[in-house]
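Take a look at the structure below.
FYI, it's all coordinate maths here, none of it is from the lab. What you are looking at is a predicted structure, and each value in this text was computed from that prediction instead of being measured. Glycine gets a Cβ as well: all are built from the backbone with ideal geometry, and neighbour counts include every protein chain shown.
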Amino acid sequence: MLKAIADLRAVPLDTSSHGEAVHQLTDAILSPVGTKIILDDLSQEEKQALQLLLDHGGQIEEARFARQYGAIRLMGPARLEREQPWQNPQNPAEGLWYRGLIFKAFQVTLQGNREIVYIPKDLLPLLNSTRSQTRPKEIEQPAQFPEPAFVVTSNGRLRENFFRLLVHLQTTPVRLQDKNELLPKDKQSLVQSLLPPTLPSFNLAAELDFLLHLGQQAGLLTIAHGRLRPEREATRNWLQRSPGEQVRVLQTTWRADHTWNDLWHVPGLVPQPTGWENSPLLARSKILGHLEKVANNGDSWRPIDQFITMIKQIDPDFQRSSSDYDSWYIQDNQGNFLMGFEHWDKVEGALIRYLLTHILFLIGVVDLGCAAKSNSPTSFRLTSLGKMFLNGRMDDIEPAPKPVFFRVDHNFSVHLPSRASLYDRFQLARFAQMERYDHGRVSYKISQASVARAFRNGVTSDQITAFLARVTNNQAPLKVIETIRNWSSRYATVRLEQVVLLHLKHEGLAAELRQQPILGRLIGEALNPTTLLVPVDNLPEVRRLLTELGYLD
């Protein structure tokens with residue numbers, strides 16, 4: 001091997017001592033003039049392979065290096081002398097190897113031992129000066145992209161949809177089945193409460209699952225006595241924050257959440273739980289890091305495919321620290337296994353696309369661009385809140401909105417700006433039903449049914465009228481206030497109950513039946529001396545007992 005390196009560097013080894021040969025080659029390899037000569041002799045592919053190592057601080061996983069620039073064949077001394085592979089290296093990796101520019105070693109990591117290709121530290125300073133000349137153009141940041149024909153904005157969606165979930169869970173009992181799963185009818189009802197999808201490809205049920213998980217991780221939703229409902233104090237605090245802070249709470253919750261495994265939610269992928277593990281936090285942090293670089297290069301639109309290609313070129317192993325593409329058991333919808341680097345686009349590429357077009361859109365980090373409303377997204381643009389999220393800044397988040405007054409008309413409709421405090425809207429939604437929502441205004445309708453729902457949940461008419469007085473600056477119509485009070489005075493003053501009439505032949509039978517230990521407790525009030533009322537729910541047991549005691553045929 002020493003003879004091979006010496007041959008390519010034109011260094012005459014005039015010694016048979018291994019130690020002396022090493023010293024001679026070391027001096028040659030660390031010579032600035034000799035290094036420049038050897039670098040000038042490299043092919044373009046060999047320069048790019050060397051640049052990849054320099055871009056990663058001088059070392060990289062052997063598996064990744066071999067994928068891009070070929071594997072270095074293992075040869076013993078006899079085969080080396082016989083075949084002399086340095087005279088005709090099979091790939092760029094061997095070209096660098098036999099010039100003494102790269103070496104291999106094992107490195108101990110948290111994921112276990114891994115083989116690396118590296119440039120010796122004392123050689124690095126001589127090579128770093130070549131970075132600008134050898135950097136390939138294809139790993140530059142994606143070029144600017146023209147404005148798409150159809151823009152799908154994420155502005156306000158996360159805040160509004162999460163608010164709607166809080167309202168629904170506060171006003172409507174939602175019970176959970178085994179494993180804390182929603183009943184189908186409750187899930188459908190929650191889905192219908194969300195803003196409609198902005199693109200045909202958006203799955204509202206998947207969005208609901210994500211928001212419910214996010215709410216529980218943020219401590220805003222809790223499960224108590226088998227019911228999913230808002231956590232009182234945490235919800236109050238969230239509702240009273242500024243819009244930007246409300247979004248930031250949910251964004252940072254996702255960023256730090258290791259329990260939501262993005263890879264296992266990618267449409268079209270079916271990971272198999274065979275014991276392998278991936279780190280959602282690792283993949284997430286790497287992708288957000290690349291997006292942060294995009295954020296620092298302007299706020300233009302960027303093609304999604306080009307962003308994915310860029311990551312494949314400069315950081316393909318962003319979620320696989322050991323470059324292992326053979327132990328993750330992932331299938332597609334047809335049952336085909338997607339193992340091996342050749343399926344990178346179907347796994348890693350699909351994950352990046354899912355993060356951009358679903359998760360990062362839902363949490364307000366990106367807007368999406370399409371060729372037409374019915375088409376899938378092809379480009380993205382970072383939002384102002386997205387840039388602050390990526391850069392970890394809070395200084396530019398707008399303060400809480402100034403109080404705005406609601407307007408209540410004689411038709412029991414309540415009109416307010418959509419920028420109004422979510423805390424006030426939450427109080428309003430407890431006794432009114434939302435009728436209309438757009439990005440400028442929101443309208444609610446007060447009805448006897450919506451007020452009765454509030455009464456059932458413990459809200460009083462005095463609380464409702466005091467709230468309306470505050471948010472309207474005492475301008476709520478007297479007709480509305482008096483009607484709500486009248487509804488309160490009549491609420492729950494009568495009761496309807498289904499019963500069955502039990503007719504008796506003579507008055508003495510009533511006392512006789514009531515003396516029976518079990519039967520007496522199942523019979524209701526007396527309509528007259530010879531007619532008793534039996535609740536419908538008790539009818540089967542009453543019938544059985546009367547038959548056993550001989551009163552019925």
note = Labelled set (1) 68, 50, 45; (2) 131, 64, 39; (3) 73, 58, 51; Cα extents along the principal axes in Å computed from this model equals the value at (2)
remark   = Taking every other residue with Cβ under 9 Å from the Cβ of residue 152 and scoring Lys and Arg +1, Asp and Glu -1, one gets 0
ask   = Given the Cα-Cα distance of residue 7 and residue 346 and 0.36 nm per residue of separation, how much length would full extension add, in nm?
value = 117.6 nm
request  = Please name whichever of 150, 531, 416 sits farthest to the positive end of the charge dipole of the chain, dipole taken about the Cα centre and charges placed at Cβ: Lys and Arg +1, Asp and Glu -1.
outcome  = 531
inquiry  = Suppose each label sits 7 Å from its Cα in the direction of the beta carbon; what would the residue 455-residue 44 distance come out to in nanometres?
reply    = 8.2
query = At what distance in nm do the modelled label points of residue 494 and residue 466 sit from each other, each positioned 7 Å from its Cα along Cα→Cβ?
reply = 3.1
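If we count every other residue with Cβ under 14 angstrom of residue 196's Cβ, Lys/Arg +1 and Asp/Glu -1, where does the sum land?
Net charge around residue 196: +1.
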ask   = What is the order of 238, 344, fewest Cβ neighbours within 10 Å to most?
value = 344, 238
request  = Compute the Cα gyration tensor for the range 499-548, then decide on rounded, prolate or oblate, letting a ≥ b ≥ c be the square roots of its eigenvalues: rounded whenever a/c is under 1.5, prolate when a/b is larger than b/c in the other cases, and oblate in all that remain.
outcome  = oblate
ask   = With charges only on Cβ, +1 for K and R and -1 for D and E, what is the dipole size of the chain about its Cα centre, in debye, rounded to 20?
value = 2200
note = Length gained, residue 88-residue 478, 0.36 nm per residue minus C-alpha separation, equals 130.8 nm
ask   = Relative to the longest principal axis of the chain, what angle (0 to 90°, nearest 10) does the C-alpha long axis of helix 280-295 take?
value = 70
The range 193-299: relative contact order in percent, alpha carbon pairs under 8 Å with at least 6 residues between = 17
note = So the angle from the long Cα axis of helix 539-548 to the longest Cα principal axis of the chain, reported in degrees to the nearest 10, equals 60
ask   = How big, in percent, is the set of alpha carbon pairs in the range 2-136 lying more than 26 Å apart?
value = 22
key: Point-charge dipole on Cβ atoms (K/R +1, D/E -1) for the range 2-136, about Cα centre, debye to 20   = 340
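Taking 8 Å as the Cα distance limit and 6 or more residues as the minimum spacing, I'd like the relative contact order of the range 407-490 as a percentage.
31
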remark   = Yeah, the range 284-334 with a ≥ b ≥ c from its alpha-carbon gyration tensor (a/c under 1.5 is rounded, else prolate when a/b outruns b/c, oblate otherwise) is prolate
ask   = Where does each of 31, 17 land when they are ranked from fewest to most other beta-carbon atoms within 10 angstrom?
value = 17, 31
ask   = Do the sum for the chain: with -39,500 (n - 2.57) for every DSSP H run of n ≥ 4, divided by all residues, what is the mean residue ellipticity at 222 nm, to the nearest 500 deg cm²/dmol?
value = -12000 deg cm²/dmol
query = Can you tell which of 369, 170, 352 lies farthest toward the positive end of the dipole of the range 150-388, using +1 and -1 charges on the Cβ of basic and acidic side chains (Lys, Arg; Asp, Glu)?
reply = 170
inquiry  = If I stretch the segment between residue 405 and residue 526 completely, what's the gain in nm (0.36 nm per residue apart, minus their alpha carbon distance), one decimal?
reply    = 38.0 nm
Contact order normalised by residue count of the chain, Cα under 8 Å, 6+ apart, percent = 11
message = With unit charges on the beta carbons (Lys and Arg positive, Asp and Glu negative) and the dipole taken about the Cα centre of the range 419-553, which residue among 442, 547, 502 sits farthest to the positive side?
response = 442
message = A 21 angstrom limit on the alpha carbon distance is what I want to check against. Which of 3/104; 47/286; 47/121; 445/479; 185/445; 3/121 exceed it?
response = 47/286; 185/445; 3/121
ask   = What spacing in nm lies between the two simple spin-label points modelled at residue 178 and residue 22, each 7 Å away from Cα in the Cβ direction?
value = 6.7
ask   = If r is the Cβ-Cβ distance from residue 209 to residue 506 and R0 is 45 Å, what FRET efficiency results, to the nearest 0.05?
value = 0.10
ask   = How large is the charge dipole for the range 499-548, taken about the Cα centre, if only the Cβ atoms of Lys, Arg (+1) and Asp, Glu (-1) carry charge, to the nearest 20 debye?
value = 60
